[in-house]
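> Would you mind keeping the following structure in view while I ask a few things?
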Amino acid sequence: MVETVKKGLAVGVKTTGALGKIIFPVTLIVSILQYTPILPWIIRVVSPLMKWIGLPGEAAIPLVLGNFLNLYAGIGAILTLHLTVKEVLILAVMLSFSHNLLVEVTVAGRVGVHVALAIGVRVMLAIVSALLIHLIWQGGDEVAQYGMISSSSAEFSGWGPVVWAGVKKALFGIMQLAMIVIPLMVGIQILKDLKWLDVFSRWMSPLTKMLGMKENTSMTLAAGLLFGLAYGAGVMIQAVQEDGVSKKDVTLAFLFLSACHAVVEDTLLFVPLGIPVWPLLLIRLTTAVLLTMMVGFVWNVYRKTGRREAA
């Protein structure tokens, strides 16, 4: 167990370092951009579009960074913005559905899912969820508190204080993420070494049946739920190849995981943003179940109709 913990700590520190290389420059650059004409210009361009989902124009920055880079880059940008709790929750839900598209869509292609479908579903889920939260929830107007990080923008004279304030904000962001990521990596390493992932996979069998998939899809779902589409890519690809998962089941599994993957990590990462994370997890899980069951039902009806026509 000691060696397992050491290995997990090493992976956690390495992962934190890799994430820090993203969080630090993104947070610093966005912090500096707040005091230049560039950010106001971006806000003016996108504001007419963002207001339809209840967000200010500057909220486009974490959305773009989160989708083209990863969730950590999006969170790093959120840390620099002055937003309400409702606006942060909308961003969190959107980014939980649609982030790291370049990497995770590549994973989708590797396991046999059409790339256009993978992108379309995740972007659609992000937009629809944001619109629903904006229209249904009437609360959350108080200013969001980012843990140890203040969301307010102070006035500075000269570029030196501006850069230093951005550096401090970036370092605080990395420190808070390290407090989550390092213990998480230790836990994942324990799961690997104790073979508990196989046990969790067996527990997943009833869920896979309910969602219209065969039992051999459970390992793919387990890997995606625990590790995410990016971290669990190797496990997912191996499971598909070794367990002989059909194209239908792979597609349904990916649709489920598009809405709900890395449930522990992705949920905990939003804790420093000061939003209620349980509703976030519930939204993702409910969406995943309903979406997968609906597509599975339509798929079966379409296949039965095609068989009757062929006969």
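> Return yes or no: is S96 over 28 Å from G187 (Cβ atoms) and either buried (at least 19 other Cβ atoms within 10 Å of the Cβ) or without any contact (Cβ under 8 Å) to a residue 40 or more places away in the chain (or both)?
no
> Starting from region 154-166, keep only residues that are at pLDDT below 80, then list their pairs with residues that are not β-branched (V, I, T) whose Cβ atoms are within a distance under 6 Å, requiring at least 6 positions of separation or different chains.
Listed by first residue and then by second, the contacts come to V162/Y35; V162/F156; G166/L28; G166/S31.
> Can I ask one more? Could you list, in sequence order, all residues of region 99-120 that are open to solvent by less than 20 Å² (accessible area, probe 1.4 Å) and either over 22 Å from V271 (Cα atoms) or touching a strand residue (DSSP E or B) at 6+ places or on another chain (Cβ under 6 Å) (or both)?
Within region 99-120, E104, V105, V107, A108, V111, V113, A118 qualify.
> Being part of a helix (DSSP H, G or I) and touching a Ser or Thr at 6+ places or on another chain (Cβ under 9 Å) is the requirement here; does L221 meet it?
In short, yes.
> Please tell me if I43 is surrounded by fewer than 23 Cβ atoms within 10 Å (Cβ to Cβ), modelled with pLDDT under 85 and closer than 25 Å to I127 by Cα.
yes
> Which residues, taken from region 277-286, are open to solvent by 40 Å² or more (accessible area, probe 1.4 Å) and in contact (Cβ under 8 Å) with a residue 60 or more places away in the chain?
If the condition is that a residue be open to solvent by 40 Å² or more (accessible area, probe 1.4 Å) and in contact (Cβ under 8 Å) with a residue 60 or more places away in the chain, then P279, I283 are the ones that fit.
> Just to be sure before I move on: is A144 in contact with a helix residue (DSSP H, G or I) (Cβ under 7 Å, 6 or more places away or on another chain), open to solvent by less than 30 Å² (accessible area, probe 1.4 Å), more than 18 Å from I22 (Cβ to Cβ) and at pLDDT 80 or above in the structure I sent?
In short, no.
> Next up: Can you confirm whether F227 is crowded, with 20+ Cβ neighbours inside 10 Å, modelled with pLDDT of 75 or more and aromatic (F, W, Y)?
When the stated conditions are applied, F227 does not pass them.
> Give region 251-270 a look and list any residue that's under 13 Å from the mean Cα position of the chain (by Cα) and either β-branched (V, I, T) or more than 26 Å from G76 (Cβ to Cβ) (or both), or say none.
Those that are under 13 Å from the mean Cα position of the chain (by Cα) and either β-branched (V, I, T) or more than 26 Å from G76 (Cβ to Cβ) (or both): V263, V264, T267.
Matching residues to (1) modelled with pLDDT of 85 or more; (2) in a helix (DSSP H, G or I); (3) open to solvent by less than 50 Å² (accessible area, probe 1.4 Å); (4) among the aliphatic types (A, V, I, L, M):
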position	(1), (2), (3), (4)
F254	no, yes, yes, no
P272	no, yes, yes, no
I275	no, no, yes, yes
V289	yes, yes, yes, yes
M294	yes, yes, no, yes
G306	no, yes, yes, no
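> Turning to a different aspect of this structure: Considering only residues of region 202-213 that are outside any helix (DSSP H, G or I) and at pLDDT 80 or above, which is surrounded by the most Cβ atoms within 10 Å (Cβ to Cβ)?
Ranking the qualifying residues of region 202-213, first place goes to M213.
The values are calculated or read from the model by the stated rules, or taken from the named source; none is laboratory data. Source: prediction; values computed, not measured. When we count neighbours, we look across all protein chains shown, and the Cβ atoms used for this are built from the backbone with ideal geometry, even at glycine. SASA here: full protein model, heavy atoms, side chains in, ligands and nucleic acids out. Shrake-Rupley method; radii C 1.70, N 1.55, O 1.52, S 1.80 Å.
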